[in-house]
Amino acid sequence: MKRKNKDMYKKTEWMLYNYKMLKVSVENLKSEIQELKMDTVGTGAIRYDKEKSSPKYNIVCTTEEEAINNIERINKLEKQVMKT
């Protein structure tokens, strides 16, 4: 039990010493999240390497792909903020 308390003490001490760095890190992550939320998904150049014709007619839309990537990135950053 003493070992567990000692480990918790060291972890708490580390967090207190690095409080300013952690705070700045969280602020940076939050600003990046806001930028991604404000970023409009636009149309780009046509990418023929992504669009494939097949019997199933499965065509990849680059705008949808970009929006999905933004949402996934926002979710990842929000999890990182909570962890920090």
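Just so it is clear, none of the values below were taken in a lab; they were calculated from the coordinates. Just so it is clear, the model here is predicted, and its values are computed rather than measured. All Cβ positions, glycine included, derive from the backbone under ideal geometry; neighbour counts span all protein chains shown.
Taking the average, over residues, of other Cβ atoms within 10 Å as the packing measure, peptides 73-81, 15-23 rank 73-81, 15-23 from highest down.
For the range 1-40, evaluate the Debye formula with one uniform point scatterer on each Cα (no solvent term) and list log10 I(q)/I(0) at q = 0.15, 0.18, 0.20, 0.26 Å⁻¹, rounded to two decimals. At q = 0.15, 0.18, 0.20, 0.26 Å⁻¹ the computed log10 ratios are -0.53, -0.61, -0.66, -0.80. For the pair THR84 and VAL26, the difference between a 0.36 nm per residue extended length and the Cα-Cα distance amounts to 20.2 nm. Stretching ASN69 away from THR12 to a fully extended chain increases their span by 17.0 nm, per 0.36 nm per residue minus the current alpha-carbon distance.
Computed from the C-beta positions of LYS4 and LEU77, the FRET efficiency with R₀ = 30 Å rounds to 0.45.
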